[in-house]
Amino acid sequence: MDHFRYEGGRLHAEAVALDTLAEEVGTPFYCYSTATLERHYEVFAAGFAGLPATVCFAVKANGNIGVIRTLARLGAGADVVSGGEFKRAVAGGVPAGRIVFSGVGKTAAEIASTLKAGVWQINVESEPELEAVAEVAGALGVRAPVAIRINPDVDANTHAKITTGKSENKFGIEWTRAHAVYARAAAMPQIRVVGIAVHIGSQLLDLAPFRNAYQRVRDLVALLRADGLAIERLDLGGGLGIPYGQAPSPSPADYAQVVKDTIADLGCHLILEPGRMIAGNAGILVTRVIYVKEGATRTFVIVDAGMNDLIRPALYDAHHDIVPVEEPAANAHLREMDVVGPICETGDTFAQQRLLPALKAGDLLAIRTAGAYGAVMASAYNARSLPPEILVKGDTFHVVRERIGVDDLLARESVPNWLGGP
Ligand code: LLP
């Protein structure tokens, strides 16, 4: 459930009318709903009530510090994959002691800065990385809290570009080797092995792969404990899919039940890393129609947002619902249209043959389910702006990130002296 609804014929984010907001901040812009973020967090966390569990929001889904702070105030930790995301999480009010650092390519500098800041856990994804963490921790004179991310070799049945738990993916250590790597890590004085991490992919609409992966984690815990290794924590990753307007998705309660069925009795502290499930439906991208072009075989609705603002349709053929900000009449005649951006690439298409009511230049559209992997993946391609982000709460709003335009970027460029520069 989200809080983007028609009231008095206009789409609102909570009690803020989006056409009014568009006048104030200009288009395109991202708009997030506080009530929706809070609700999604609460619903997810409720699934694990009574269990020792920490919900670490995956900052990669939405790194805006207004969004992070909204969740941090409810008790969320953070899952980060770079030194930059670590900084964002801290700026968003998440204590370092609730931040998990994941990712296959952590640099020595990132390992050092997060260890110094008191990161809760580093999820190690390879043996060379284990050695690097040990070396950096040794130099700093600390013991690094480490979980080993295993690759359970299960098929997540999701888009090939966002599946991570197959043996041919770059993530984690093959689960069959995990035992040996644990033994190595346990023998390193600079390393404190705290647990096992797993993350098999994103936008999973089927719970069976989670069940298979967690069962493998369970088997591994038994094996490691038999060797006398203490496994205090299990980091179960993110990945729970959400409805993008088409296929139904499993509920957080059903997902939590899978966790309870498979590993909740092991006496470990559980870490969950949801991103999309929290932020996806809490955000929209609002864009204005520039032209309606009647092509030879199609009608193109050319809008002022492009694939630089929201790349998911271009990159993953992702479906996003698109609705007019002005509520269409119940009996409005619908026609098939292609909603496209202004960028010079055919991939700059948000929807093809989509049924929409009559549209004209100047009309506003909302591209839904854009709160996760939207603004964070935006670029300035075609010398376009990075879109602003607005956080709404009730009848108030705040520009949580200003538009970053070409002038801001030009101010950071210069020409060398051999080309006449200063
Ligand atoms: N934990 C780890 C280690 C991850 O790699 C990810 C996502 C998550 C948690 C959060 O997963 P979520 O709950 O959001 O599914 N850009 C793609 C999604 C990439 C996901 C990468 N990893 C998209 O727009 O669909």
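Things to note:
- Residues with amide H under 5 Å from that of V194, placed H, sequence gap 5 or more: V146, A147
- Dipole magnitude for the chain: about 740 debye, using +1 per Lys or Arg Cβ and -1 per Asp or Glu Cβ, origin at the Cα centre.
- Take every DSSP beta bridge whose two residues both sit in the chain; close to 50 percent of them are antiparallel.
- Helix 34-46 axis versus longest C-alpha principal axis of the chain: approximately 30°, rounded to the nearest ten.
- Scoring 60-68, 38-46 by mean Cβ neighbours within 10 Å over their residues and listing the highest first yields 60-68, 38-46.
- Estimated inter-spin distance, Q215 and L315, nm [label 7 Å along Cα→Cβ]: 3.3 nm
- Eigenvalues of the alpha-carbon gyration tensor of the chain, scaled by 5 and square-rooted, set the equivalent ellipsoid semi-axes at 40, 25, 20 angstrom, largest first.
- Of all lysines in the structure, the ones whose alpha carbon falls short of 27 Å from that of K360, not counting any fewer than 8 places away in one chain, are K293.
- Using a simple spin-label model with pseudo-atoms 7 Å out from Cα toward Cβ, A361 and L419 lie 3.5 nm apart.
- Rounded to the nearest 10 degrees, the angle from helix 127-140 to the longest Cα principal axis of the chain is 80 degrees.
- Most to least packed among 246-252, 325-331, 308-314 [average Cβ atoms within 10 Å]: 308-314, 246-252, 325-331
- Residue-span extension gain [E336 to R5] - 0.36 nm each, minus C-alpha spacing: 116.8 nm
- Percent antiparallel among DSSP beta bridges (both partners in the range 34-276, rounded to 5): 5 percent
- Rounded Å value of the spacing that divides the Cα centres of the range 38-64 and the range 7-21: 28 Å
- ³J(HN,Hα) computed for each position of the range 399-405 - Karplus, 6.51 cos²θ - 1.76 cosθ + 1.60, integer Hz, glycine/proline x: 7, 7, 9, 6, 4, 10, x
- Length added when fully stretched, A49-L74, from 0.36 nm per residue minus Cα-Cα: 7.6 nm
- For the chain, with +1 on Lys and Arg beta carbons and -1 on Asp and Glu, the positive-most of V194, V119, G83 along the dipole: V194
- Computed over the range 34-276, the alpha-carbon pair-distance distribution with 5 angstrom bins reads 1, 7, 15, 19, 21, 18, 12, 5, 2, 0, 0, each value a whole percent.
- Acute angle (nearest 10 degrees) that the helix 208-226 long axis makes with the longest principal axis of the chain, alpha-carbon atoms: 20 degrees
- Distance between modelled label sites at T346 and Q246, nm, 7 Å Cα→Cβ extension: 2.0 nm
- Among L115, L223, L236, the largest mean-square fluctuation in a Gaussian network model of the chain (Cα springs under 10 Å) belongs to L223.
- By the helix-only formula, in which each DSSP H run with n ≥ 4 contributes -39500 (n - 2.57) and the sum is divided by residues, the chain has a 222 nm mean residue ellipticity of -8000 deg cm²/dmol.
- Candidate lysines - alpha carbon under 17 Å from K87, same-chain residues fewer than 8 apart omitted: K60, K106, K116
Throughout, read-outs are computed from the coordinates displayed, never taken from laboratory work. Remember, predicted model here, so these are calculated numbers, not experimental data. Note that we place each Cβ from the backbone using ideal geometry, even for glycine, and neighbour counts take in every protein chain shown.
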